[in-house]
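Encoded as structure tokens, the structure appears first; notes follow it.
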Amino acid sequence: MIGGIAVALAAACCYELAYVVQALETRQAGGGDRIEATLLGRLLRRPRWVAATALSGVGALLQIWALTLAPLTVVQPTLALGLVLLLMLSATVLHEPVGRRERIGVAMIVLGVAVVALTAAPEVGEAGDPLAVALLVVLLAVPTLLPFVLRGFADARLRVLAAAAGDALAAVGLKLVADATGRSSWLLAALYAAGAALAGLLALTAEMSALQRVKATRVAPVVLAGQVLVPALAGPIAFGEQWGRSTAGGVLLVLALLTVAAGAALLGASGAVADVIAGEERDHVTGDARADRISADQLQHDVGRERQPRERRDR
């Protein structure tokens, strides 16, 4: 299981580095009035966004590998350690001071992941209840698809909910890919991979769209907490994983999962991390510079002031 944790940590680094670049490029792509598929079309014409998405794909492959070595209940909380990388990025690139909120958030995540690793049963579960898996997929698919069905009527809250549900659904899909791969069911693995990719694509569109409309401090906590809690809770419900090596260990495992989710929400809501995610500009940029797109140089001068992100439209 130690190997699974190490691979999951590598996946987390890929995800978070890709996320930063994706968010910056999305802010430059314009739009945001309504959730729309054309947003991804514009982003596909941006080489840095494509490269970041490819890096995210590497993270997905590493996550599948991790899921063959460690339970879903262990892998998902470990991915939250990637937030520590975001905090380091905000401190080194933006020169943001690391305050008490950030220190507490990091401590909660590290402590929670450590407890999960010590208390979770090391056996890798498999989908033992098809009905439970199907019900879980439906429950996550409905909120994922809702803003795309409503389109112009979908407000930012629905987009955030869709992002959280879609990411959780993608994680469940990757778990199914890992299980099918272990059984050498390659066709089934390919189908599950396609479903996970579709869920991830919808979640990415919803989240990028939400980041154009609201502060990252309102988006990141919900998405991050959902990424940790929902798939981890699905482990014992749908995949036959044990809560812990003992009854007491099961209780500790639940508390640890809640601690990781709370720490992720706390860290995601901090100004330092949120500015890295959102790529926000300084408030005092005026004149012609206000009309320019966000660049890496502008990001380095960001002093972390919170404000509503400005809308841009491509003419």
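Inter-label distance, Leu44 to Ala107: 4.8 nm, where each label sits 7 Å from its Cα along the C-beta direction.
Listed by Cβ neighbour count within 10 Å, with the fewest neighbours leading, Met1, Met208, Met88 appear as Met88, Met1, Met208.
Within 10 Å of each residue's Cβ, count the other Cβ atoms and sort Ser270, Ser185 from fewest upward. Display every interim value, and only then the final one.
Values: Ser270 27, Ser185 14.
Arranged by neighbour count, lowest to highest, Ser270, Ser185 become Ser185, Ser270.
Full extension of the segment from Leu258 to Asp129, taken as 0.36 nm per residue of separation minus the current Cα-Cα distance, would add 44.0 nm.
Each value in this text was obtained by applying a stated rule to the coordinates, not by laboratory testing. Predicted model, so just to flag it, every value in this text is computed and none were measured. FYI the Cβ positions are ideal-geometry reconstructions off the backbone, even for glycines, and counts take in every protein chain you see.
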